[in-house]
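The values are calculated or read from the model by the stated rules, or taken from the named source; none is laboratory data. In this text the structure is predicted, and so the values were computed from the model without any measurement. Here the Cβ positions follow ideal geometry from the backbone for every residue, glycine too, while neighbour counts run over all protein chains shown. Ligands, DNA and RNA are stripped out before the accessible areas are found, and what is left, the full protein with its side chains, is counted by its heavy atoms. Shrake-Rupley method; radii C 1.70, N 1.55, O 1.52, S 1.80 Å.
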Amino acid sequence: MSGGTTLSATMPASFRITIWNEFVHERQNPAVAEIYPKGIHQALADMLSLQSDFTVRTATLDEPDQGLPPEVLDNTDVLLWWGHAAHDAVSDELVTRVQQRVLAGMGLIVLHSGHFSKVFKKLMGTTCALCWREAGERERVWKVNPGHPITAGIGDCIEIEQSEMYGEPFGIPTPDELIFVSWFQGGEVFRSGATWTRGSGRIFYFSPGHEVYPIYHLPDIQRVITNAVRWAQPQGEVANVPRHVPVEQAREKIVARGGTVH
Ligand code: ZN
């Protein structure tokens with residue numbers, strides 16, 4: 001294998017963002033369709049497209065190659081993932097391709113019930129299980145890492161009047177960075193915003209976004225997602241490219257045990 005594979009040394013002039021959504025609830029539940037008439041993916045796309053340096057496309061499960069043929073994934077800098085009812089319908093082959101792209105530097109933002117997607121579980125390597133309750137209760141998303149770029153422009157906390165409770169214990173590996181911790185009216189707490197790095201790729205999980213509440217219409221939620229897209233962009237050299245280094249390329253002469261000089 002040859003070494004030295006690198007991503008573009010300079011940041012792209014335009015960030016290429018793909019929003020993947022299973023697009024099931026919006027077509028089956030009129031209450032969800034009322035909140036997101038064109039789907040959650042399109043609501044997120046309309047919001048992110050307001051950034052002049054973002055090039056945004058959407059992808060859904062029912063499209064060819066489940067919305068993510070290689071030419072799309074290979075030309076995506078940051079992938080957003082929303083799934084819930086159809087996790088099992090996502091092909092293992094696609095999951096592996098997404099994993100490989102993340103290891104090679106693509107950013108990944110996993111939203112809400114995407115915590116239980118094959119993609120997230122594969123990249124985390126843990127159960128990603130949690131406890132939950134749907135009671136329309138208040139959530140406060142507390143900023144616990146105020147210097148972090150994902151929190152730029154966010155006050156002490158984000159108030160969500162009606163939310164689905166997600167509670168601890170959350171079966172994730174210890175995050176690289178904890179960004180948000182949520183409090184719920186019923187008393188639970190939850191690590192609602194966290195980051196990891198896998199290979200060269202940055203991953204952000206953000207839990208608010210239950211489909212029957214208009215959470216992705218909230219300006220602060222939109223701000224966090226926009227910040228996260230910028231934060232998750234590819235960072236440069238690919239880690240862990242296997243490369244054999246022959247003795248002729250050693251930086252110094254090597255004296256092996258027994259006195260052999262290479
Ligand atoms: Zn939910």
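Out of all the residues in the stretch 127-144, which are open to solvent by less than 40 Å² (accessible area, probe 1.4 Å) and either more than 16 Å from the ligand (Cβ to nearest atom) or not in a loop (DSSP other than H, G, I, E, B) (or both)?
Result: Gly136, Glu137, Glu139, Val141.
Would you pick out the residues in the stretch 145-184 that are within 16 Å of the ligand (Cβ to nearest atom) and over 17 Å from Ile221 (Cβ atoms)?
Hits for the stretch 145-184 are Gly167, Phe170.
Residues of the stretch 70-100 being within 20 Å of Gln42 (Cα to Cα) and polar (S, T, N, Q), which ones?
Listed by number, the residues that qualify are Asn75, Thr76.
Is one or more of the residues making up the stretch 159-176 modelled with pLDDT of 95 or more, surrounded by fewer than 20 Cβ atoms within 10 Å (Cβ to Cβ), more than 24 Å from Cys128 (Cα to Cα) and not basic (Lys, Arg)?
Yes - at least one qualifying residue is present in the stretch 159-176.
Considering each residue of the stretch 177-197, count those that are open to solvent by 10 Å² or more (accessible area, probe 1.4 Å) and under 20 Å from Gly155 (Cβ atoms), and give that number.
7
Rundown of residues vs (1) aliphatic (A, V, I, L, M); (2) under 24 Å from Asn21 (Cβ atoms), yes/no style:
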{"position": "Gly107", "(1), (2)": "no, yes"}
{"position": "Lys118", "(1), (2)": "no, yes"}
{"position": "Val144", "(1), (2)": "yes, no"}
{"position": "Ile158", "(1), (2)": "yes, yes"}
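Kindly list the number of the only condition in (1) among the small types (Gly, Ala, Ser); (2) modelled with pLDDT of 95 or more; (3) in contact with a Ser or Thr (Cβ under 7 Å, 6 or more places away or on another chain); (4) more than 16 Å from the ligand (Cβ to nearest atom) that fails for Ala104.
(2)
Restricting to the stretch 113-141, count the residues that are of a type outside the set (A, V, I, L, M) and out of contact with any helix residue (DSSP H, G or I) (no Cβ under 8 Å at 6 or more places or on another chain).
14
Results for (1) within 15 Å of Leu111 (Cβ to Cβ); (2) without any contact (Cβ under 8 Å) to a residue 40 or more places away in the chain; (3) among the aliphatic types (A, V, I, L, M), shown as yes or no for each residue.
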| residue | (1), (2), (3) |
| --- | --- |
| Ser163 | yes, no, no |
| Ile179 | yes, yes, yes |
| Ser182 | yes, no, no |
| Gly186 | no, no, no |
| Phe190 | yes, no, no |
| Thr195 | yes, no, no |
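Being in contact with a helix residue (DSSP H, G or I) (Cβ under 8 Å, 6 or more places away or on another chain) and among the polar types (S, T, N, Q) is the filter; apply it to the stretch 216-260 and report the residue that is nearest to Ile150 (Cα to Cα).
Checking each candidate, the answer is Asn227.
Quick check: is even one residue across the stretch 239-246 without any contact (Cβ under 8 Å) to a residue 24 or more places away in the chain, open to solvent by less than 80 Å² (accessible area, probe 1.4 Å) and more than 24 Å from Asp77 (Cβ to Cβ)?
yes
Which condition from (1) over 24 Å from Tyr216 (Cβ atoms); (2) within 16 Å of the ligand (Cβ to nearest atom) is the one that Phe116 breaks?
(1)
If you go through the stretch 201-218 one residue at a time, how many are in contact with a Gly (Cβ under 8 Å, 6 or more places away or on another chain), open to solvent by 10 Å² or more (accessible area, probe 1.4 Å) and within 14 Å of the ligand (Cβ to nearest atom)?
Residues in the stretch 201-218 being in contact with a Gly (Cβ under 8 Å, 6 or more places away or on another chain), open to solvent by 10 Å² or more (accessible area, probe 1.4 Å) and within 14 Å of the ligand (Cβ to nearest atom): 1 in total.
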